[in-house]
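K.L.:
My questions will all concern the structure given below.
The numbers here are math on the coordinates, done by the rules we state, and not lab data. What you are looking at is a predicted structure, and each value in this text was computed from that prediction instead of being measured. Neighbour counts run over all protein chains shown; Cβ positions are idealised from the backbone, glycine included.
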Amino acid sequence: QRPLRRLLSCPGTVAADLRREEQSSGSAETGSEDRTPKKRFSEVQNERREQAQRTVLIHCPDKINEKKFLKFLSQHGPINSHFFYESFGLYAAVEFCQKESVTSLQNITRTPSLGPEAAIPFKSRYLNLKLRNSLNQTSELSSIQCSNQSSPSSKKLYQLLCCAESVDDQLNTLLREFQLTEENTRLRYLTCSLIEDVAAAYFPDCAVRPFGSSVNSFGKLGCDLDMFLDLDEIGKFTAQKTSGNFLMEFQVKNVPSERVATQKILSVIGECLDQFGPGCVGVQRILNARCPLVRFSHQASGFQCDLTTNNRIALKSSELLYMYGALDSRVRALVFSVRCWARAHSLTSSIPGAWITNFSLTMMVIFFLQRRSPPILPTLDYLKTLAGAEDKCIIEGHNCTFVGDLNRIKPSRNTETLELLLKEFFEYFGNFAFNKNSINIRQGREQNKPESSPLHIQNPFETSLNVSKNVSQSQLQKFVDLARESAWILHQEGKDRPSPSSNQPWGLAALLLPSVANNMSLSKKKKKPASERIKNLLDSIKSSGAENSTATNGR
Ligand code: GTP
Ligand code: MG
C-alpha cells in the first residue's frame, strides 16, 4: 500500500500532475511491496533473451496509424506485445509470438537504394518503415503514446521528494522514478540480441548477455549497457555430444594467452560493428584496458554500450547483486538513494578516475546491511552453504558458488525503517576505520586491510583483488566528510523537521541539494575540523542518551 502523500501542501497543479503521473505508472514496483521473484537469475536472462529474439526494432515516421501498423505486421504472425518510444525519431519494438514471423517480415523487407551512396546489405532486425502514398494517408495518422526511457529531471524529482509523506516514502519514490521500466529492460535485451546477430556472423552459437546495472536490479534509467559476448555455449554443446572412446577437437589457431584471444575477438567484432552494424556509431576498441572492451553508441536505443568477453565473473557478480536486491525490499531503495546522493555530490562520475564507482557503493550498502542487528542481508559465505549441486560454479579457478534459488533464503527479522538505515549508513561510514579495515561481504565483517589502498573492498569472487583500488585518499575523505554532514542533517531533521507549508527541502531532498557540497567546498580549509566536529557532536549525542536514540528510529 502506498502511503498518503502530503499533496495538500504542494502547489495545486503540480500536486495534481504528480499524482496523475504516479497513478499512470501504477505497474512500477516500489521498495515497500513484497516483490520476491521466484525465478532464478539465469531463468530470467534466458526468457528475456528468447523474447528479444522474437522482437524487431522499427524506425517509424513521426506520425503513424497504430492500428494499421499492427495489422500490417500481423500478416507475418500474431504479435505478443509492442511499445513505441522516442530517441531522435519514433521507434517501435514489436514482439512477435513466434520467431518465424521475424523471418517472414525480413523476407518482404528490401535493402534501400540510396541514390549516389551505396548500402551495405546487412539484413538485421532493425528496420525502417516508410509510408507509401503518404499524402493519401495524412488524415489517418495520429500521434503515438510513447513509453518514457529517461529519468525525471532534478526539478521534478525535487518536487516529488518534497511532496512525499515521510523519508521512507522519499526513498521509495526515488526508486520508483529512477528504476528501469519494463520497456527499458526489454530494449536492453533487444539491443544485446541485435549485437548478437552481428557477432553470430563469426560465432554462430554465441550469446550476447547484458550484465552490470542493466540486470542486477540497481540500474537507473539512462545507465550504460554492459554486454558480455559469451562464446562458451559452443564448447558446452560439443562437449555433451562426445561419447565413447574418441574425443573430437576442433583445429584452432593458438595465441599466447586468454587476453590475446580476447583482444583478437573483440578487435574483429568491433571492426564488424563499425563497418556493418546498423545504428552502431562511435565504435572505439579499447583493447589494452585491464578488461578489454568495445565501446559504442547504439543510436536507435540511445544506449552507450560496453562489449566485453572473457568476463564471466562480472556476470556472476551481477547475479549476486540481483540476489541481494531481491532478498529485501529495502535494499534497492537504499542503494538507489546512496547512488543518487553520491552522484549529486560528484562522488561518482561517468568518466573513469580516482572516484568511487557505483559498484563499490553497492558493495558498501550490502556490507552495511549485513552488519545490522539482526542482519538484513546474509553473508556470501552463508549463501554458499545453501547452494545445491546445480549452483556449483568455478570460474578461472575461483569458487563462485552460491545459492541461486531465492526461495531457500529466509527473510530477515529486522524491521528498521529506511530513514533510520539511511542515517545509520552515513554514520557507519562516516566513522569507519578505512585506514586499517577492509570491507568484506563474503564474511560480513571487517578484515585487516591486506594492502595500503585508501579504500579496500574485497572482490567477492577474486578475493585477492580490491574493487576500489582506484579510489584516492582525497576522494575517500570527501566521501567521509559528506557522509558525516548528511548524517548530521538527518539527525537534526529528526528533531526539527521543516513544516510542510514552508516549502523547505527536507529529508532526502535536503541531502541531494548541491548546496551541501557547495557549502563544504566553500569552507574547504575548515573542512577537516568541521567534519571532525560533526563526528564528535554525533558521538556525544549518542553516548549521552542511548535511550533517546530510539526517538529517531523513524515513525
Ligand atoms: P553503472 O554505474 O550504473 O553502470 O553500474 P554498473 O554496476 O553497471 O557498473 P559498471 O558499468 O562500471 O560495471 C559493470 C559490471 O562490471 C559491474 O556490475 C560489476 O559486476 C563489474 N565491475 C565493475 N567494476 C568492477 C571492479 O572494479 N571490479 C570487479 N571485479 N568488477 C567490476
Ligand atoms: Mg554499467
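K.L.:
So between Glu50 and Phe88, what do we pick up on full extension, going 0.36 nm a residue minus the alpha carbon distance?
P.N.:
Working: separation 38, 0.36 × 38 = 13.68 nm, distance 2.75 nm.
Here the answer is 10.9 nm.
K.L.:
Starting from the amide H of Ala387, placed 1.01 Å from N in the peptide plane, find each other amide H under 5 Å away whose residue is 5 or more places distant or on another chain.
P.N.:
Val403
K.L.:
Determine the sum of side-chain charges near Gly77: Lys and Arg each +1, Asp and Glu each -1, restricted to other residues whose C-beta is under 12 angstrom from that of Gly77. Write out the running numbers ahead of the final one.
P.N.:
Values: positive: Arg54, Lys99; negative: Glu95, Glu100.
Once all neighbours under 12 Å are counted, the net charge is 0.
K.L.:
While we're here: For segment 397-475 and segment 204-225, write down the distance between their C-alpha centroids in whole Å.
P.N.:
23
K.L.:
At what distance in nm do the modelled label points of Arg343 and Ser373 sit from each other, each positioned 7 Å from its Cα along Cα→Cβ?
P.N.:
The answer from the label model is 3.6 nm.
K.L.:
Check which residues have an amide H placed less than 5 Å from Leu287's amide H, if you skip close sequence neighbours.
P.N.:
It is Leu293, by chain and number.
K.L.:
From the Cα gyration tensor of segment 238-354, with a ≥ b ≥ c the square roots of its eigenvalues, which class applies: rounded if a/c is under 1.5, or else prolate if a/b is larger than b/c, or else oblate?
P.N.:
Since a/c reaches 1.5 but b/c is at least a/b, the shape of segment 238-354 is classed as oblate.
K.L.:
At 7 Å along the Cα-to-beta-carbon direction for both Val260 and Ser42, put a label point, then send me their distance in nm to one decimal.
P.N.:
Label-label distance for Val260 and Ser42, simple model: 3.3 nm.
K.L.:
For Arg445, what residues show an amide H to amide H distance below 5 Å, using hydrogens built from the backbone and excluding near sequence neighbours?
P.N.:
Excluding prolines and chain starts, which carry no amide H, the hits are Asn440.
K.L.:
Would you kindly state how much longer the chain becomes between Val281 and Thr109 on full extension, computed as 0.36 nm times their sequence separation minus their alpha carbon distance, in nm to one decimal?
P.N.:
Numbers: separation 172, 0.36 × 172 = 61.92 nm, distance 2.31 nm.
Separation in residues times 0.36 nm, less the Cα-Cα distance, equals 59.6 nm.
K.L.:
Looking at segment 358-407, which trypsin sites (Lys or Arg not before Pro) are in a loop (DSSP not H, G, I, E or B) and have at most 13 other Cβ atoms within 10 Å?
P.N.:
Lys392
K.L.:
Quick one: which of Lys220/Lys423; Lys130/Lys156; Lys384/Lys436 span more than 31 angstrom between C-alpha atoms?
P.N.:
Result: Lys130/Lys156 exceed 31 Å.
K.L.:
Let me ask you something else. Go through 404-415, 420-431, 462-473 and give me the packing order, highest mean Cβ count within 10 Å leading. Could you put the intermediate results ahead of the total?
P.N.:
Numbers: 404-415: 13.6, 420-431: 21.8, 462-473: 16.3.
Output ranking for 404-415, 420-431, 462-473: 420-431, 462-473, 404-415.
K.L.:
Treat each spin label as a single point 7 Å out from the Cα along the C-beta direction, and report the Asp381 to Ser150 distance in nm.
P.N.:
If labels sit at Asp381 and Ser150, their model points lie 4.8 nm apart.
K.L.:
Take the alpha-carbon centre of segment 313-363, take the same for segment 157-183, and report the distance between them in whole Å.
P.N.:
So the two Cα centres are separated by 17 Å.
K.L.:
State the extension gain, in nm to one decimal, for the chain segment bounded by Lys253 and Gln473, taking 0.36 nm per residue of separation less the distance between their alpha-carbons. It would help to have the intermediate numbers written out before the result.
P.N.:
Numbers: separation 220, 0.36 × 220 = 79.20 nm, distance 4.55 nm.
Stretched out fully, the Lys253 to Gln473 stretch lengthens by 74.6 nm.
K.L.:
Nearest 0.05, what FRET efficiency do Ile351 and Leu465 give at R0 = 25 Å with Cβ-Cβ as r?
P.N.:
Result of the calculation: an efficiency of 0.65.
K.L.:
Report the trypsin sites (Lys or Arg not before Pro) located in segment 265-316 that are in a DSSP loop and have at most 13 other Cβ atoms inside 10 Å of their Cβ, or state none. It would help to have the intermediate numbers written out before the result.
P.N.:
Working: sites: Arg285, Arg290, Arg295, Arg312, Lys316; in loops: Arg290.
Passing both the DSSP loop test and the Cβ count: Arg290.
K.L.:
What's the local net charge at Thr385, with K and R +1, D and E -1, over the other residues with C-beta under 14 Å away? Kindly include the intermediate steps, with their values, before the conclusion.
P.N.:
Working: positive: Lys384, Lys392, Arg408, Lys410, Arg442; negative: Asp381, Asp391, Asp405.
Value of the local net charge: +2.
K.L.:
Right, next: Quick check: net charge around Phe336, other residues with Cβ under 10 Å of its Cβ, Lys/Arg +1 and Asp/Glu -1? Could you put the intermediate results ahead of the total?
P.N.:
On the way: positive: Arg176, Lys220, Arg332, Arg339; negative: Glu177.
Value of the local net charge: +3.
K.L.:
Arranged by the count of other C-beta atoms within 10 angstrom, fewest first, what order do Lys436, Lys156 take?
P.N.:
Lys436, Lys156
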